[in-house]
Amino acid sequence: MDNNTLDVIIKKLDALEQKISHLGGGEKSKVSTSEVSGGIDPVFLRALDLIQEYDEISEEILEKRLQIPRDRVTKIIDTLVKAGYIEASV
């Protein structure tokens, strides 16, 4: 991964952290820079863009917009929840 790509990823993560803190989440993401530099799924990055675009995100939206199978959507959502970018649905 080149430095430009890494910079873009870090900027997107920072923007999402700011959005979350403005919404009252206040917590920093649990995704570290080392995890990002170690390689991150480009589809995950597109998912990050989508959660900025929508007030609420669903498996259906991700599946349709990312054009990926439901099982991969589920894994991405699990990662987003663990990273603190979205809340788990009840």
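A few points about this structure:
- Electrostatic tally near Gln67: other residues with Cβ closer than 13 Å to its Cβ, Lys and Arg +1, Asp and Glu -1, net +3.
- FRET E, pair Tyr54, Leu6, Förster distance 22 Å, beta-carbon r, rounded to 0.05: 0.30
- From phi via Karplus (6.51, -1.76, 1.60), per-residue ³J(HN,Hα) for the range 81-89 in Hz, x at Gly/Pro: 5, 4, 7, x, 7, 9, 9, 5, 7
Only the coordinates and a few stated rules stand behind these numbers; no lab work does. The structure displayed is predicted, hence computed values, not measured ones. Positions of Cβ are backbone-derived with ideal geometry, glycine not excepted, and every protein chain shown enters the neighbour counts.
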